[in-house]
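Remarks on the structure that follows.
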Amino acid sequence: MIALILIGGLGTRLRPFTCRTPKPLLPLLNKPFLQYQFDLLKAHGIRETVLCTSYRAEDFRKLDPKMTGVRLRFIHEKSPLGTGGAVKNAEGLLRGGEPVLIMNGDILHALDIRGFLKSHQNRRAEVSIALTRVKDPTLYGLVQTDESGRITRFLEKPSWDEIESNTINAGAYIFEPQVLELMPAGIPYSLERALFPKLLEDGRHVFGFVSQGYWMDIGTLESYLQVHLDILGGKTPFAPRAASRKTGLLLEKGVKLGRELTLGSNGDRVLVGRGTVIGDFARFSGNVCIGSQCRIGKGALLSECVVLEGTIIGDGARLERCLVGPGCRIGAQAVITQKTALAGGSSVEPFSHL
Ligand code: GDD
Ligand code: MG
């Protein structure tokens, strides 16, 4: 089976980080997010991918198939065609007669792809949609099913008074090839707002597959931070890579650690990227991710935060539950508090409070 990955969105909810890097290439624990999807595909025997690009398409050309472990083919939309338009645009690259796996390119999902395909085939579905349960369905595509798993309603971004379940579209589908013939070519078209409601209206065989595995859309600042904390906290089956481990520390190559570091409570972990230098008496609390080639000053305190590559943090600075972009300079004793998202290259003067 070929996997088609939708990666053309602007990633507006993840600005400022997506101003210079498309969302699927943002680092997650110091490796490009898409690599987690490639690893999942490989684990289920899928090695052929088609990447549907639009925003910052040239950035994806840097992906090296030797590193990704999957074959990469690209299909570009000059102006974004929406999720459905992107799928239709890729039709010529798919294998005739075979179902295709389609995935949003911003979801960390421990999806049982083999189970998903089996369910699709057993039910003779034309389209199968992976489903997950969330607390707030208004941010997603609401899906209702009957007892047999057949989908009876699909409503993108419903309002609270339209919600009758907490089951949503998890952003992974299996399509039979004939479904692509129902979609218009060359114009913007939405799977969620046009194709799925139309299929249901026409009584086509659309089934849900409830996934029990970890699921997170990384597309907001809050969820991008949370997914780091979840992986480090062992809440997912995705393991951070590290060249060596000490209690509470996962170290990539070439890390230099200062003396008398303080770590958080039992089970908290700090991932330190390649070549990063940590000053004496630095303190950590909760799970923390530090990118490569960073410098963390003496006595700095980092609590539940993500610091991207090449950032320099001054002595005694304090970071709490925040995201710091690549190549930032944070002055000594500066305090960066909850929910701050500092754009790459920012400079924060000593003693500032953000
Ligand atoms: N190629 C291409 N072209 N890709 C696109 C385009 C486009 O015009 N528009 C969006 N995408 C890609 C995005 O890059 C992303 O990977 C995926 O399609 C979904 O777009 P989002 O903008 O992240 O959508 P969402 O998160 O609001 O909602 C979608 O995902 C939810 C699950 O997280 C919908 O599919 C919902 O129904 C679903 O519940
Ligand atoms: Mg999304």
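The table that follows gives values for the structure above.
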quantity	calculated
Cα shape, segment 53-97, gyration tensor, a/c 1.5 rule	oblate
Given charges at beta-carbon only (K, R positive; D, E negative), |dipole| of segment 169-313 in Debye	920
Amide H within-cut-off set for GLY345, under 5 Å, with H built and near neighbours excluded	GLY327, CYS328
Cβ-based charge dipole, the chain, positive-most Cα from LEU263, PHE74, GLN338	LEU263
Point-to-point label distance, TRP160-LEU257, nm (Cα→Cβ direction, 7 Å offset)	4.7
27 Å Cα-Cα threshold exceeded, pairs from LYS66/LYS246; LYS298/LYS339; LYS135/LYS339; LYS78/LYS339	LYS66/LYS246; LYS78/LYS339
Most to least packed among 149-159, 49-59 [average Cβ atoms within 10 Å]	49-59, 149-159
Calculated from backbone phi, Karplus (6.51, -1.76, 1.60) coupling profile of segment 73-87 in Hz, x at Gly/Pro	10, 10, 9, 10, 10, 4, 10, x, 9, x, 5, x, x, 5, 5
DSSP-defined beta bridges in segment 242-348 - what % are antiparallel, rounded to 5	10
Sorted peptide list for 117-123, 2-8, criterion being average Cβ within 10 angstrom, highest first	2-8, 117-123
Proxy reagent accessibility, fewest Cβ within 10 Å first, across PHE351, PHE238, PHE284	PHE351, PHE238, PHE284
Helix 113-122 vs. the chain, principal-axis angle (Cα, 0 to 90°, nearest 10)	10
Principal-axis tilt of helix 221-232 within the chain, Cα atoms, nearest 10 degrees	80
Mean Cα-pair separation over length for the chain, i.e. relative contact order, pairs under 8 Å, 6 or more apart, %	13
Crossing angle, helix 33-43 versus the chain [Cα axis fit, 0-90 degrees, rounded to tens]	60
Segment 218-272: trypsin sites (Lys or Arg not before Pro) in DSSP loop, at most 12 other beta carbons within 10 Å	ARG241, LYS253, ARG259
Whether segment 314-354 is rounded, prolate or oblate, judged on the alpha carbon gyration tensor where a/c under 1.5 counts as rounded	oblate
Most mobile of ILE46, ILE313, ILE296 in a GNM of the chain (Cα contacts under 10 Å)	ILE46
Efficiency of FRET between ALA332 and THR12 - r from beta-carbon atoms, R0 35 angstrom, step 0.05	0.55
Fraction of antiparallel bridges per DSSP, the chain only, in percent to nearest 5	30
Prolate/oblate/rounded label for the chain (Cα gyration tensor, a/c 1.5)	prolate
Length-normalised contact order for segment 242-348 - Cα pairs under 8 Å, 6+ apart - percent	17
Between segment 321-350 and segment 181-214, the Cα center-to-center distance that results, in Å	42
³J(HN,Hα), Karplus 6.51/-1.76/1.60, whole Hz, each residue of segment 288-297, x for Gly, Pro	9, 10, 10, x, 7, 6, 9, 10, 10, x
Amide H within-cut-off set for ARG318, under 5 Å, with H built and near neighbours excluded	LEU301, ALA334, VAL335, ILE336
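Any read-out appearing in this document is the output of simple, stated calculations on the displayed coordinates, not a laboratory observation. Quick caveat, the model's predicted, so the values are computed rather than measured. Because the Cβ atoms are built from the backbone with ideal geometry, glycine has one as well, and the counts that use them run over all protein chains shown.
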